[in-house]
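The values are calculated or read from the model by the stated rules, or taken from the named source; none is laboratory data. On a predicted model such as this, the values are computed, not experimentally measured, just so you know. Here Cβ is always computed from backbone atoms with ideal geometry, including for glycine, and neighbour counts include all displayed protein chains.
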């Protein structure tokens, strides 16, 4: 069984909604009516030891931050502000009190940073550490969906890509040298351990009326942009030479002979915003991003058609929809 | 580490709430403001294979029902109606498609039965099957809390106690004979596999204004009533000869020489409502229960003091606060 098969089965049996649901399964968050008030957003994510994190290099504090960040990022991707959270923690007989203290300090940092209320949860014993956070947020005006991209829109990302994937590469392949590498590649390592969601940018963009579609990059640009293309019934064309990366990302790729494009487009866990901007509004949007201490990098265009194409330096087009990009 | 220690640590660092939170951690659900509308209720529960269920006897359909039921019961215990759910499913390499189909059919049954929208979720691979449901509900009028019991109130339960614990006893100890036992003890087995939450009763009671405190029985009466006593700063006195049990429960205890009181008061997973009724309102409340096809059994009294006392047939008092009752 694959994840998508299970979701397909659930959608087949369980998505007959009543009138309170504005948007169900299939976007960053579900959206439901707040009666007379603003709509609510809800998202949930589970991190399982050995699958989503490795305790041998993931410090407890950073894991606490990340467990919240991945959910906050979903709220940000619809232009919302996070409000209430619940956490369900499966701990094991090996879970130590000192570890737990640090983990909770990490959670608390994110809660205070984003003014979130932890209002409920569950703690259960199990064989593997597992963390499920459910987060509720509220949209300021209308939520921004994945289905709003139109031909002519410019595709933007909220920061340099591939940093988290590069950090993970170092932990997985050069663990022994990490002490000597950690200063040179600090941003990459930090991005893997405790990414920071782009809440202020998401909200500013949602308020601007210049945005078509938005989502966060969690599975890699090639996959996440394919969601926007599919939901909006358009094609996305990404220019290879426009993909923003950090200088230390480029250094790392040279040093270990990695294909930079592959890592930047196929690597996940970036938790940056990916959005389309109406033609002619680029300057306003870039100014808006700077006003909230964020960046907005144009990387491509929305056209008629379907799927995600990568346009190389010679003009050659490669279909990279829904997959980790393999460079030729 | 024990569960209570972890919750204590979380409360120490993470329960500074903003004005949107009406009630945080420490009741059946958290309660938060619905802006201009009715307050929202939220609850989350995780069921882990090997800890909360045993796949060798728990059919997938019934497990799907139970995963929803334990959460619905929390909403019912505050007098609310369930509205929206998310589910996070950790599946394993052994999870079969046929199993999943049945599990989802069970979820879907509960969703249709209670008009709940499944609006989001996450599916992840792991080593152990684990199910986390987060459920949102809305109170009709004011939610009913654990802290509202007053001296003079009569303690009620919404049905016969110990059925689920008795069913679990049969599965754990007489698995080989279950085919021959299953007709005689059908209600007990069913109560363990797929308890039905008392939503209609909870709502009718919450609307009545005759109720002091309410919660559901998930950890056994001795523990759950102790929560009400502690939160309300009162003592609860339970009359041993008033504890309602099913005839087949009594037969089972005789057959296997089990102490009925111990099993009825200390066994968990009943998911019946436990509530206190203002003195003089017993007849109205019993009539109300019958009007929604439920029962309401008076089992004791709220007095001044603290803790939970069991009053035996000779008038002897035993403190049973927060523990599986051990009969003398």
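Below is a table of values for the structure above.
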item: Set B:57, B:99: member being more than 16 Å from the chain's Cα centre (by Cα) and assigned to a loop (DSSP other than H, G, I, E, B); result: B:57
item: Any hit, the range B:134-147, residues being at the interface with another protein chain (Cβ under 8 Å from one of its Cβ atoms) and farther than 25 Å from residue B:29 by Cα; result: no
item: Residue A:301 under 17 Å from residue A:218 (Cα atoms), at pLDDT 95 or above and within 22 Å of the chain's Cα centre (by Cα); result: no
item: Selection from the range A:116-133 of residues that are without any contact (Cβ under 8 Å) to a residue 60 or more places away in the chain and under 22 Å from residue B:26 (Cα atoms); result: A:116, A:117, A:118, A:119, A:120, A:121, A:122, A:123, A:124, A:125
item: Some residue of the range A:256-266 being in contact with a strand residue (DSSP E or B) (Cβ under 9 Å, 6 or more places away or on another chain) and surrounded by fewer than 17 Cβ atoms within 10 Å (Cβ to Cβ); result: no
item: Residues of the range B:107-133 that turn out to be more than 7 Å from chain A (Cβ to nearest Cβ), surrounded by 22 or more Cβ atoms within 10 Å (Cβ to Cβ) and touching a strand residue (DSSP E or B) at 6+ places or on another chain (Cβ under 7 Å), as a count; result: 3
item: Residue B:159 buried (at least 20 other Cβ atoms within 10 Å of the Cβ), under 21 Å from residue B:296 (Cα atoms) and either away from chain A (no Cβ under 14 Å) or in contact with a helix residue (DSSP H, G or I) (Cβ under 8 Å, 6 or more places away or on another chain) (or both); result: yes
item: Filter pass, residue A:86 being under 20 Å from residue A:194 (Cβ atoms), within 9 Å of chain B (Cβ to nearest Cβ), crowded, with 21+ Cβ neighbours inside 10 Å and under 21 Å from the mean Cα position of the chain (by Cα); result: no
item: Count of residues meeting criterion [farther than 22 Å from residue B:41 by Cα, in contact with a strand residue (DSSP E or B) (Cβ under 8 Å, 6 or more places away or on another chain) and either within 7 Å of another protein chain (Cβ to nearest Cβ) or not in a loop (DSSP other than H, G, I, E, B) (or both)] in the range A:10-43; result: 1
item: Hits in the range B:89-100 (condition: over 18 Å from residue B:70 (Cβ atoms) and facing another protein chain (nearest Cβ under 7 Å)); result: B:91, B:95, B:97, B:100
item: Residue match in the range B:49-68 (condition: closer than 30 Å to residue A:93 by Cβ, surrounded by 17 or more Cβ atoms within 10 Å (Cβ to Cβ) and within 8 Å of chain A (Cβ to nearest Cβ)); result: yes
item: Failed condition for residue A:67, given (1) closer than 27 Å to residue B:219 by Cβ; (2) under 19 Å from the mean Cα position of the chain (by Cα); (3) free of Cβ contacts under 8 Å to residues at least 40 places away in the same chain; result: (3)
item: Meets criteria (assigned to a helix (DSSP H, G or I) and either surrounded by fewer than 24 Cβ atoms within 10 Å (Cβ to Cβ) or within 7 Å of chain A (Cβ to nearest Cβ) (or both)) for residue B:104; result: yes
item: Conditions (1) closer than 28 Å to residue B:170 by Cβ; (2) more than 7 Å from chain A (Cβ to nearest Cβ); (3) within 16 Å of the chain's Cα centre (by Cα): number failed by residue B:46; result: (2)
